[in-house]
Amino acid sequence: MSGPSTAALAVLEREIAAPGDGLDRLRLVPTPFVPEVSLLLAEDAIVWWARMEAAAGRALPPPYWASAWAGGQALARHLLDHPELAAGRRVLDLAAGSGLVAIAAALAGADRVAANDIDPYAVAAVTVNARANGVVVTASGGDLLDGDGTDVDLLVAGDALYDRELAGRVLPFLRRAASAGALVLVGDPDRGHLPTDALEVVASYPVPTTEPSVDSPVRRVQVLRPR
């Protein structure tokens with residue numbers, strides 16, 4: 001784990017141990033659509049973020065890892081319901097956030113699971129969450145999107161296509177990994193950045209929404225793979 005991720009892990013461990021409750025707290029709770037997995041989540045990610053930025057005296061990355069995003073919940077559910085997809089395989093969870101999908105892959109019997117995210121706090125959260133669920137996940141930072149993904153058997157990306165610029169980098173990486181022989185699965189709640197002609201639907205789930213600023217309590221999420 002790198003220096004920034006080590007520092008972030010120390011922060012999260014202090015947050016877990018801190019007394020009290022309220023909207024600005026983190027709690028280890030079962031994931032709504034995947035109760036087999038418990039995650040360290042914020043009561044209100046925006047309120048927690050504001051408090052942490054005030055304490056740090058500087059801007060911090062948005063805490064995407066502190067919410068259970070719908071795309072990741074659907075993808076984790078799919079892996080646990082179909083463990084043969086992950087069992088015995090080398091798995092990479094791209095833009096892992098909380099590590100929910102990586103943890104589900106480990107619980108499904110994956111041989112080796114890596115989780116990658118550019119946010120040091122997400123790397124720390126994956127470490128905390130994997131430990132809480134009794135599985136081994138190797139968490140790392142850094143940008144992998146210029147690589148080819150050739151060292152994995154299963155590449156999973158839950159809610160990793162949330163804006164057009166990012167989708168423009170993620171989708172070619174997914175295609176390269178698929179061309180190299182990896183099974184690629186994407187969980188997406190129709191954020192409007194997927195080329196529908198390049199992906200086919202594998203499954204569809206009604207997922208409870210827990211992320212900030214969402215009007216509907218349930219979102220329809222598709223699990224897709226490259227054609």
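Please work out the Cα convex hull volume for region 37-101 and give it in Å³ per residue.
It is 98 Å³ per residue.
Scattering from the C-alpha atoms of region 113-208 alone, worked out with Debye: what is log10 I(q)/I(0) at q = 0.10, 0.16, 0.25 1/Å?
Reported log10 I(q)/I(0), two decimals: -0.30, -0.77, -1.43.
Region 1-59 to region 122-167: how many Å between their Cα centroids?
So the separation of the two Cα centres works out to 18 Å.
Carbon and sulfur atoms: what percent of the 1.4 Å accessible area of the chain do they account for?
54 percent
Sort 127-133, 155-161 for me by packing, meaning the mean count of neighbouring Cβ atoms within 10 Å per residue, highest on top.
Going from most to least packed, we get 155-161, 127-133.
Net charge around ILE16, counting only other residues with Cβ within less than 10 Å of its Cβ (Lys, Arg = +1; Asp, Glu = -1)?
+1
Before anything else, pin down the relative contact order of the chain: Cα pairs under 8 Å, at least 6 apart, normalised by residue count, whole percent.
After rounding, I find 19 percent.
Kindly provide log₁₀ I(q)/I(0) values, in the same order as q = 0.10, 0.16 Å⁻¹, from the Debye equation applied to equal alpha-carbon scatterers of the chain.
-0.40, -1.08
Take each of the peptides 46-56, 66-76, average the number of other beta-carbon atoms within 10 Å over its residues, and list them starting from the highest.
66-76, 46-56
Ranked from the most accessible area to the least, with a 1.4 Å probe and all protein chains present, what is the order of TYR64, TYR121?
TYR64, TYR121
As a check on your grasp of the helix formula, calculate [θ] at 222 nm for the chain: sum -39500 (n - 2.57) over DSSP H runs of n ≥ 4, divide by the residue count, round to the nearest 500.
-10500 deg cm²/dmol
Net charge within 12 Å of ALA110 by Cβ-Cβ distance, Lys/Arg positive one each and Asp/Glu negative one each, not counting ALA110 itself?
-1
For region 1-67, count the residues as N, evaluate 2.2 N^0.38 Å, and divide the Cα radius of gyration by that value, please.
Relative to the 2.2 N^0.38 Å estimate, region 1-67 comes out at 1.14.
For region 154-227, restrict the atom set to alpha-carbon positions and state the Rg and Dmax in Å.
Rg then Dmax for region 154-227, in Å: 12.5, 39.
The values are calculated or read from the model by the stated rules, or taken from the named source; none is laboratory data. Source: prediction; values computed, not measured. Note that we place each Cβ from the backbone using ideal geometry, even for glycine, and neighbour counts take in every protein chain shown. These area figures cover heavy atoms from the full protein model, side chains too; ligands, DNA and RNA do not enter into them. Shrake-Rupley method; radii C 1.70, N 1.55, O 1.52, S 1.80 Å.
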